[in-house]
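J.: The structure under discussion is supplied below as structure tokens; questions concerning it will follow.
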Amino acid sequence: MTVKSLEQQFQERIDAGERIEAKDWMPEKYRKTHIRQISQHAHSEIVGMLPEGNWITRAPSLRRKVGLLAKVQDEAGHGLYLYSAAETLGISRDELFDQLHTGKAKYSSIFNYPTLSWADIGAIGWLVDGAAIINQVMLTRTSYGPYARAMVRICKEESFHQRQGYEIMLGLSQGSPEQKEMAQDALNRFWWPSLMMFGPRDEESPNTEQSVKWKIKRKTNDELRQEFVDITVPQAEILGLTIPDPDLKWNEERGHYDFGEIDWDEFWQVVKGNGPCNKERLGARVKAWDDGAWVREAAIAYSDRRSRSQGDEASRNQDVSAAI
Ligand code: FAQ
């Protein structure tokens, strides 16, 4: 069968809504696009632990500390499911980490902003997890089976994360004037970077057209961004907080909120490594990798010893059966 007819059959399977599994034939570009997207997603979960980890020791109560600890651990779990999903496409975990540590692989721009106050933990849960859910609910129906299945559990956990963040914001916005101001300040700083999480505008997005065709993406960056704005504005109203966008306005005709222009120059600067915390974030991941070298070496030495002693036992058993 020619590659062309294989590609045609593949597209027919996608169009019919079939899931693609790891051992199925797939175009090389489909495989590469998935490795890129799944691994960037995994890196985002792992790097995303850092801004929140910054507040674990300073959470204002035991209840808040327990909630935050559980959330950060969940993000580590999400990273691991996603690395495993990427590995089904024939790339090793070591290669994936190497791409992150050498700056070849991207991760979400949002995690390159600092967490300056406790309210930022509320804003991250509310806005960042809120944005992540909108994108990821779509991904539970993505065409690649291992990715879609990983997203189901991730979405359930992200939904808890979003609620714990919103509850922090609710507490602060109903608290003292200083607490409300802290919540407003966090919203001011995290609003625009949260909108940037959805990626460039559709006309500037080189990957969207093909990804929609292959049902990797079922909605475009702009469609998801609009969904996020429409869901989040009423939530800000309940909090009594003001979204920092003078152009934000309900558009009766469209049935959606209109909103102002994103600073795309800032977005690309952050994506290219020049955001406020890019160097610190990557530095922390590289240090964690280097500091963990002895654990990996010990695990490999243990596994070698175990397989050697199992080998010895197997040959002893062979000798015994030969003797019988
Ligand atoms: N940051 O053509 P497109 C979370 C890159 S998880 C950095 O539109 P695509 C959980 C893009 O990679 C958050 N780079 O690309 C959590 C591409 O570069 P490349 C992560 C970005 O793939 C919460 C180029 O720009 N979620 O938050 C960004 O079709 C709290 C052109 O863009 C996912 O990764 C960006 N924001 O659409 C954890 C979801 N946007 O590779 C801890 C899965 C775009 O061609 C605490 N990913 N770029 O050189 C996706 O859905 C897609 O990959 C998009 C981008 C929508 C992110």
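J.: Going residue by residue through the range 39-56, is there one that turns out to be more than 16 Å from the ligand (Cβ to nearest atom), surrounded by fewer than 21 Cβ atoms within 10 Å (Cβ to Cβ), assigned to a helix (DSSP H, G or I) and modelled with pLDDT of 95 or more?
T.: no
J.: Condition first: assigned to a helix (DSSP H, G or I), within 16 Å of the ligand (Cβ to nearest atom), in contact with a Lys or Arg (Cβ under 9 Å, 6 or more places away or on another chain) and modelled with pLDDT of 95 or more. Can you find one or more residues in the range 250-269 that meet it?
T.: Scanning the range 250-269, I find at least one residue that is assigned to a helix (DSSP H, G or I), within 16 Å of the ligand (Cβ to nearest atom), in contact with a Lys or Arg (Cβ under 9 Å, 6 or more places away or on another chain) and modelled with pLDDT of 95 or more, so the answer is yes.
J.: For the range 206-236, give me the residue count where each residue is in contact (Cβ under 8 Å) with a residue 24 or more places away in the chain, near the ligand (Cβ under 9 Å from one of its atoms) and not in a helix (DSSP H, G or I).
T.: Result for the range 206-236: 3.
J.: Being of a type in the set (D, E, K, R) and away from the ligand (no atom under 13 Å from the Cβ) is the filter; apply it to the range 57-85 and report the residue that is surrounded by the fewest Cβ atoms within 10 Å (Cβ to Cβ).
T.: Only one residue fits best here, namely 63.
The values are calculated or read from the model by the stated rules, or taken from the named source; none is laboratory data. From a predicted model like this one, the values you see are computed outputs, not experimental measurements. Note that we place each Cβ from the backbone using ideal geometry, even for glycine, and neighbour counts take in every protein chain shown.
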